[in-house]
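The values are calculated or read from the model by the stated rules, or taken from the named source; none is laboratory data. Just so you know, these numbers come straight off a predicted model, no measurement behind them. Cβ: placed from backbone, ideal geometry, glycine included. Neighbour counts: every protein chain shown.
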Amino acid sequence: MKITISGLRDGEPWPGRGETLDVPESEASQLIAAGQAEVASKPEAEKPAPAPPADPSAAPQTKGDQTPPAKAAPAKPAPKASAAKAKTAAKK
């Protein structure tokens, strides 16, 4: 608002000079044309605070959890076939 208006608007006091008020576009046009108000810049949207780092041991993983599984221990190598079995397998 560029000026202070006395009285009430919809049962509430008018905002003071320098304060803002949301009004329908047609009413805003009339207030601006009369020199009583000016277009207010839209406030920058507040960014949500960053989430604290998650503690993976705090909660069990769910089916929809996108956390990669923990690395498994390396698999043990298969036992080696005896020389007799190896020769038999090679002949077939």
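Of the residues that make up the stretch 36-55, is at least one modelled with pLDDT of 90 or more, out of contact with any Asp or Glu (no Cβ under 9 Å at 6 or more places or on another chain) and among the charged types (D, E, K, R)? The answer is yes, given that some residue of the stretch 36-55 is modelled with pLDDT of 90 or more, out of contact with any Asp or Glu (no Cβ under 9 Å at 6 or more places or on another chain) and among the charged types (D, E, K, R). For beta carbons closer than 8 Å, sequence separation of 6+ or different chains, a first residue in the stretch 37-52 that is charged (D, E, K, R) and a second that is surrounded by 10 or more Cβ atoms within 10 Å (Cβ to Cβ) and at pLDDT 75 or above, the qualifying pairs are Glu38/Lys2; Glu38/Ile32. Scanning the stretch 1-31 for residues that are closer than 20 Å to Ser41 by Cβ and basic (Lys, Arg) yields a total of 2.
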